[in-house]
Amino acid sequence: MQKQEPKRVLAVVSDLFFSVKLSEAAKRNGLALEFVKEGKEVLEKAKAKPTLIVFDLNFETVSPLALIAKLKAKYLAAGNPVFSLDTKAKEHLGQLFREGRVWTQQAFRAFDHDFPSLATGVIIPHGIYDLARNRGHINIGLSHDTSQFACDSFRWYWNRIGQQCYPDAASILLLCDCGGSNSAAQYLFKQDLQHLVNDLGIEIRVAHYPSYCSKFNPIERRFFPHVGRACQGMLFDTLDTVVRLMRKASTTTGLRTTVNIIHRAYEIGRKVDL
């Protein structure tokens, strides 16, 4: 019987105390731990697909933002898709006041506060922005912003839009924030992401932006502002109104938006399968 090689872990760490703790944990769990000191070395060794990469954000010689920029350039040059993901703030449905100004022939009738008790429902817009094609998509959830919802959102998009646009793709790069439903520290997201990969049958690499660096996520600058502009001041009185307004998000440089509704109810408080 062939002996199975131990799983590899790359550690981009400079702190001596942290390095010792990592070494002890790797030894206890039978993992092959390898320390990396340079940014080029990280990208090179990542080609061998390690099980985990531990990244110290205070590491002096390696910049996470620079590594993400190199990954984006590498994927785009190879013709593989790069998608930026994030969830906009939850909104309430109903005759509720919303910030903004609009030109209208008659005044809107609305409550001056958006108390949840006055709402008829909630919407959770999960956005997907295609960097190469300058196209945006929003899946509107109606229950909770969970890791399962985030993965289902991308599954719907890839099966109906992404796969047709990138039929020869060998790998997908997802750019995400550090927290939320796609949190870098959430094992449940990693489990749901693995289920997503198994279903789609294609490699998915996730690059998380460091904490407090969400402004560098392309979707925050190149898609969400235009969605907000298309919806400002308008009442989200019905779900059809929300879809119609968000589909109007566009720019003179070619941005276009598609919208879908996911009616599934998502459970909160789920635990990782053991």
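The values are calculated or read from the model by the stated rules, or taken from the named source; none is laboratory data. Please read all numbers here as calculations on a predicted model, not as lab measurements. Cβ placement follows ideal geometry from the backbone for every residue including glycine, while neighbour counts extend to all protein chains displayed.
Some points to look at:
- Of the residues ASP273, ASP168, the single one that is modelled with pLDDT under 95 and either surrounded by 13 or more Cβ atoms within 10 Å (Cβ to Cβ) or part of a loop (DSSP other than H, G, I, E, B) (or both) is ASP273.
- When ALA207, ALA185 are screened for being in contact with a Pro (Cβ under 9 Å, 6 or more places away or on another chain) and assigned by TED's automatic domain parsing to the domain that holds PRO81, only ALA207 passes.
- Meets criteria (more than 18 Å from THR258 (Cα to Cα) and not small (Gly, Ala, Ser)) for HIS144: yes
- The residues of segment 250-270 that are in a loop (DSSP other than H, G, I, E, B) and buried (at least 16 other Cβ atoms within 10 Å of the Cβ), listed by number, are LEU255, TYR266.
- Here ALA89 passes the criteria (1) part of a loop (DSSP other than H, G, I, E, B); (2) at pLDDT below 80; (3) surrounded by fewer than 16 Cβ atoms within 10 Å (Cβ to Cβ) except the one numbered (2).
- Some residue of segment 256-264 being touching a residue at least 12 places away in the same chain (Cβ under 8 Å) and in contact with a Cys (Cβ under 8 Å, 6 or more places away or on another chain): no
- Residues that are in a strand (DSSP E or B), out of contact with any Asp or Glu (no Cβ under 6 Å at 6 or more places or on another chain) and within 15 Å of LEU245 (Cα to Cα), drawn from segment 96-125: PRO125
- The residues of segment 19-64 that are assigned to a helix (DSSP H, G or I), modelled with pLDDT under 80 and loosely packed, with under 12 Cβ neighbours inside 10 Å, listed by number, are LYS40, GLU44.
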